[in-house]
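Heads up: the structure comes next, in structure tokens.
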Amino acid sequence: MMIAVSLNTKALCGHSARITAAVCILASFGVSAADSQAGENVFKQCSACHEAGPDASHRFGPQLNGILSRGAGNADGYTYSAALNDRVSAGLTWDEDTLDAYLKAPLTYMPGTKMAYVGLQDEVDRDNVIAYLATINLDGSASGDSSDDAASSAVADSSASGPAAEAAPRPLAIDVPIPTHGVLHLGRPATEEEVAAWDIDIRPDGKGLPPGKGSVLTGVDIYDAQCASCHGVFGEGEGRWPILAGGFDTLTDARPEKTIGSYWPYLSTVYDYVRRAMPFGNSRSLSDDDVYALTAYLLYLNDLVDESFELTDQNFAQVRLPNEGNFIADNRDEESWFGAAQEACMNDCIEGPARVMQRARVLDVTPDSEDEDGGGTLD
Amino acid sequence: MTDKIKNDDAASPNRRQALKAGLQLGGLAAGATVAGNSLAMDTTKPSDPLITEIQDWNRYMGDGVDSNPYGSPSKFEADIVRRDVAWLTADTKSSVNFTPIHALDGIITPNGLCFERHHGGVAQIAPSDHRLMINGLVDTPLVFTMEDLARFPRENHTYFLECAANSGMEWRGAQLNGCQFTHGMVHNVVYTGVRLKHLLAEAGVKVRGKWLLPEGADPAHMTRSIPMEKAMDDCLVVFKMNGEALRPEQGYPIRLVVPGWEGNMWVKWLRRIEVGDKPWHQREETSKYTDLLDDGLARRFTWEMDVKSVITNPSPQAPIMHGKGRTVLTGMAWSGHGTIQRVDVSIDGGRNWLTSRLDSPSFSKSVHRFYYDFDWDGREMFLQSRAIDSNGHIQPTKDALRRARGENSIYHNNGIQTWHVRADGSAENVEIS
């Protein structure tokens with residue numbers, strides 16, 4: 001029998017460091033090596049918006065208990081997009097094939113979906129996360145068996161940093177060498193690679209910027225896929241997620257809008273923060289060039305550059321934000337109440353009896369109470 | 001009947017009769033005694049069956065010593081928990097909850113009730129997998145394991161940690177009806193850890209090193225710039241709170257402690273400290289944690305937490321249930337500048353003040369406990385507390401703060417809090433003239 005074999009393992013296996021060559025080759029031969037335990041690891045990306053398991057509830061996305069058996073678009077209490085509802089009316093149901101296609105490119109498979117996620121490119125990751133979801137029943141309980149094949153051990157988390165295997169005998173204390181650095185000679189010198197892995201901060205003068213570049217136009221696509229669902233298509237903020245653009249000349253208003261363009265002093269902060277903390281739920285997943293592109297696009301959304309602009313490590317330090325000069329040092333000690341030489345009044349300090357000027361706006365602060373909006377967001 | 005009486009039966013048949021007769025006499029005698037003391041006891045009202053009847057807990061066994069290897073409070077205290085306010089933030093994983101200060105006493109916050117503030121959920125890190133790196137302007141960039149840190153000389157300190165946004169909702173006026181929500185982003189625990197200066201000495205700080213950048217290992221990779229003078233002063237890298245390992249919510253296995261300074265700087269899940277010669281102007285010290293003034297300028301690097309106090313009982317979550325008469329008022333006070341020298345209390349909305357009784361151990365940059373014992377006449381009150389710290393700073397009114405800063409600075413609201421206690425003992429968060 002002739003078997004069509006795809007040897008393009010890289011295309012199939014993507015860039016995931018979790019997959020070893022053995023599993024890649026198995027996958028390219030079409031052999032199912034789906035590993036639900038590895039899939040649970042993949043699911044961590046999804047957990048920014050989805051819950052699955054006991055007590056799973058709807059978040060930005062619906063809870064996924066029994067997703068492979070319950071059909072599509074029918075989780076109680078969740079408001080699906082019109083796009084998904086239309087597909088369900090046309091007969092869509094979730095199985096291994098449809099889920100695989102959807103997870104690979106959600107916005108292509110279902111334009112208008114609320115799941116503004118760039119997609120899971122790696123086929124093995126998709127197989128594994130679908131296998132993991134298949135182990136969770138409708139009531140959130142686990143169906144028990146997780147595949148325990150070669151893939152499982154091959155994909156096992158290789159934490160080379162754990163303690164030594166139990167079998168190894170402990171060295172004699174007298175034989176343990178003492179380092180030469182420092183005062184108490186504790187710890188060990190870091191390697192260059194280790195420092196490079198963690199030294200991710202960027203300063204306003206550009207120190208720390210990695211080589212790279214990104215244009216506004218490249219940034220649009222990344223932003224729409226990875227950022228818009230929370231920050232809004234124009235950076236206006238969805239719901240209580242932070243606003244990123246606009247708000248010019250509002251700082252003295254009753255309700256100022258503090259955005260990158262209206263408030264942030266330095267562009268380096270944008271690069272630094274996106275690189276270390278975004279997207280929410282999948283930190284450190286963007287490439288350095290991605291971050292340049294997104295930073296360029298955020299400048300564009302704030303009307304600070306035009307659409308032809310490309311941001312690079314070379315021109316970065318020349319980009320200044322409008323509010324840079326409006327920050328002052330802490331001078332609370334100049335406020336009239338702060339002085340230490342004052343006497344505290346003890347009697348007849350205010351004329352006339354106290355009158356209520358305002359009562360609590362939010363009388364019932366329990367989580368169910370959604371009547372009052374309070375004084376704005378905390379974040 | 002006892003064996004003794006049975007044995008005596010054999011010896012003396014009449015002894016039982018004599019005993020019985022004696023008991024009857026004794027009973028009469030007892031009755032006579034009761035009549036003699038009747039002035040002291042109540043003979044008019046029915047007795048409380050909780051006393052006159054045997055209760056289940058008097059009779060039946062409870063849990064054995066193997067039931068609760070890690071103990072919890074009584075189930076009757078189950079409503080004393082951290083609480084969050086859902087509409088404050090977009091997602092609970094980048095959000096805050098509040099210490100139930102209305103129900104606590106003393107100065108130590110129990111570990112399970114310390115408020116949480118995360119920007120990427122609670123990281124779960126195995127201590128054997130965690131590392132602390134020191135890099136930058138140092139002679140030798142270093143990596144420490146948790147075992148390494150346990151070998152440095154340790155210190156114990158009791159410090160408050162207050163979020164700079166504590167009471168931030170109240171700038172515009174009375175908003176949230178309970179001190180847990182208006183003032184609950186604060187806790188006070190005993191930290192065990194190592195002075196940061198010892199760790200820096202291992203790496204060898206270069207002369208040009210003037211600033212530190214601590215960084216966390218959670219998804220937010222939280223960073224702040226800290227000036228070297230503070231770092232070398234009293235900053236600690238800690239691994240224990242109130243005697244046991246840091247809770248995951250408080251940064252297990254290690255966090256930074258920056259005594260008296262805003263809570264955001266106390267980086268949790270600490271993984272790295274970089275030494276540099278300039279501040280980094282990270283997101284949490286530019287976009288956030290800068291204080292916008294009403295002229296459009298904003299203060300940055302507002303590090304210190306100012307003198308502050310709040311009455312925790314009575315308060316909206318702790319109404320006076322017992323009617324007029326002897327009443328205990330209590331609250332807490334703290335200052336990032338030192339100890340609390342005095343807390344004054346007013347029951348008429350700041351027209352007249354009396355000095356309360358401070359009653360707790362007094363440590364610099366730690367919470368202090370105060371009490372005011374008085375006879376309540378049952379009429380409405382406007383309760384306020386005003387703390388004075390060891391530098392002589394007097395807690396200001398909210399009006400004084402708003403005059404100085406406007407209403408949009410979000411952070412560092414240390415204004416005097418007013419509770420309106422009504423004639424029925426209930427209390428409400430108010431602003432008054």
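Just order A:112-121, B:366-375, B:179-188, A:286-295 by mean Cβ neighbour count inside 10 Å, highest at the front, would you?
Going by the mean number of other Cβ atoms within 10 Å, highest first, we get B:179-188, A:286-295, B:366-375, A:112-121.
What are the semi-axes of the equivalent ellipsoid for segment B:73-131, taken as the square roots of 5 times the Cα gyration tensor eigenvalues, largest first, in whole Å?
They are 24, 18, 10 Å, listed from largest to smallest.
Which sequence of B:R59, B:R379 reflects their accessible areas, 1.4 Å probe, from the largest down?
So the residues, ranked largest to smallest area, are B:R379, B:R59.
At q = 0.07, 0.10 Å⁻¹, what is the base-10 log of I(q)/I(0) for the protein assembly as shown according to the Debye formula with one equal point scatterer per Cα and no solvent? Please give it to two decimals.
Here log10 of I(q) over I(0) equals -0.65, -1.20.
Just by accessible area at a 1.4 angstrom probe, what is the order of A:R240, B:R154, A:R276 from largest to smallest?
So the residues, ranked largest to smallest area, are B:R154, A:R240, A:R276.
I need the fraction of alpha carbon pairs in segment B:138-229 separated by more than 22 Å, rounded to a whole percent.
Numbers: 2139 of 4186 pairs.
Taking all Cα-Cα pairs of segment B:138-229, the fraction more than 22 Å apart is 51 percent.
How long, wide and thick is segment B:340-406, going by the Cα atoms along their three principal axes, in whole angstroms, largest first?
Extents along the principal axes: 36, 36, 14 Å.
Within 10 Å of each Cβ in peptide B:192-199, how many partner chain Cβ atoms are there on average? Round it to a whole number, please.
1
How are the Cα pair distances of chain B distributed, in percent, across 10 Å bins from 0?
4, 18, 25, 20, 12, 7, 5, 5, 3, 1, 0
How large is the Kirkwood hydrodynamic radius of segment A:185-287, counting all unique pairs of alpha carbons, in Å?
Kirkwood hydrodynamic radius for segment A:185-287: 15.9 Å.
Can you work out the accessible area per residue across segment B:371-433, with the rest of the protein chains kept in place, probe 1.4 Å, in square angstrom?
Result: 32 Å² of accessible area for each residue.
Just B:I410, B:I51, B:I320 to compare: in a GNM of chain B, with alpha carbon springs under 10 Å, which one fluctuates most?
B:I51
With N denoting the number of residues in segment B:386-433, provide Rg(C-alpha) divided by 2.2 N^0.38 Å, to two decimal places.
Working it through for segment B:386-433, the quotient is 1.39.
Of B:L270, B:L88, B:L149, which is the most mobile in a GNM of chain B whose springs link Cα atoms less than 10 angstrom apart?
In this elastic network of chain B, the residue with the biggest mean-square fluctuation among B:L270, B:L88, B:L149 is B:L88.
Tally up the carbon and sulfur contribution to the accessible surface of the protein assembly as shown as a whole percent, 1.4 Å probe, everything protein left in place.
53
Would you kindly calculate the mean projected area, averaged across all directions, of the convex hull enclosing the Cα atoms of segment B:31-137, in square nanometres?
Averaging across all directions leaves 16.4 nm² for the Cα convex hull.
Across every pair of different alpha-carbon atoms, what Kirkwood hydrodynamic radius in Å does segment A:188-244 reach? Could you put the intermediate results ahead of the total?
Working: mean 1/r = 0.0703 Å⁻¹.
Computed over Cα pairs of segment A:188-244, the Kirkwood hydrodynamic radius comes out at 14.2 Å.
Take each of the peptides A:314-323, B:383-392, average the number of other beta-carbon atoms within 10 Å over its residues, and list them starting from the highest.
For the peptides A:314-323, B:383-392, the packing ranking is B:383-392, A:314-323.
Between chains A and B, what is the buried accessible area in Å², counting both sides, with a 1.4 Å probe and ligands, DNA and RNA left out, to the nearest 100?
Looking at A and B, the buried total is near 8700 Å².
If you bin the C-alpha pair distances of segment B:220-336 every 10 Å from 0, what whole percents do you get?
Per 10 Å bin, starting at 0, the Cα pair percentages come out as 11, 30, 29, 18, 9, 2, 0.
With a 1.4 Å probe on protein heavy atoms only, tell me which residues of segment A:304-341 lose at least 20 Å² of accessible surface in the complex relative to the chain by itself.
SASA drop of 20 Å² or more in segment A:304-341: A:N326, A:F327, A:I328, A:D330, A:N331, A:R332, A:E335, A:W337, A:F338, A:A340.
Under 10 Å, Cα contacts only: if you run a Gaussian network model on chain B, which one of B:T44, B:T109, B:T327 comes out with the highest mean-square fluctuation?
B:T44
Just tell me how shielded A:96-102 is by partners: mean number of partner chain Cβ atoms within 10 Å of each residue's Cβ, no decimals.
Values: counts 0, 0, 0, 0, 0, 0, 0.
That works out to 0 on average.
Not counting ligands, DNA or RNA, and with a 1.4 Å probe, what is B:W171's accessible surface area in Å² rounded to the nearest 10?
Per-residue accessible area (B:W171): approximately 10 Å².
Given a Förster distance of 51 angstrom, what is the FRET efficiency for A:S287 paired with B:R422, based on the Cβ-Cβ distance and rounded to 0.05? Display every interim value, and only then the final one.
Details: r = 61 Å, r/R0 = 1.20.
Rounded to the nearest 0.05, the efficiency is 0.25.
Per residue, how many Å² of accessible area does segment B:210-334 show with a 1.4 Å probe?
Ligands and nucleic acids excluded, the result is 25 Å² per residue.
Mind listing P(r) for segment B:302-414? All alpha-carbon pairs, 5 Å bins, whole percents.
For segment B:302-414, the binned pair fractions read 2, 11, 20, 22, 18, 14, 7, 3, 1 percent.
The values are calculated or read from the model by the stated rules, or taken from the named source; none is laboratory data. Quantities reported herein were computed from a predicted structural model and do not represent experimental measurements. Every residue, glycine among them, receives a Cβ derived from its backbone with ideal geometry; neighbour counts consider all protein chains shown. Quick note on the areas: whole protein, heavy atoms, side chains included, nothing else; ligands and nucleic acids left out. Shrake-Rupley method; radii C 1.70, N 1.55, O 1.52, S 1.80 Å.
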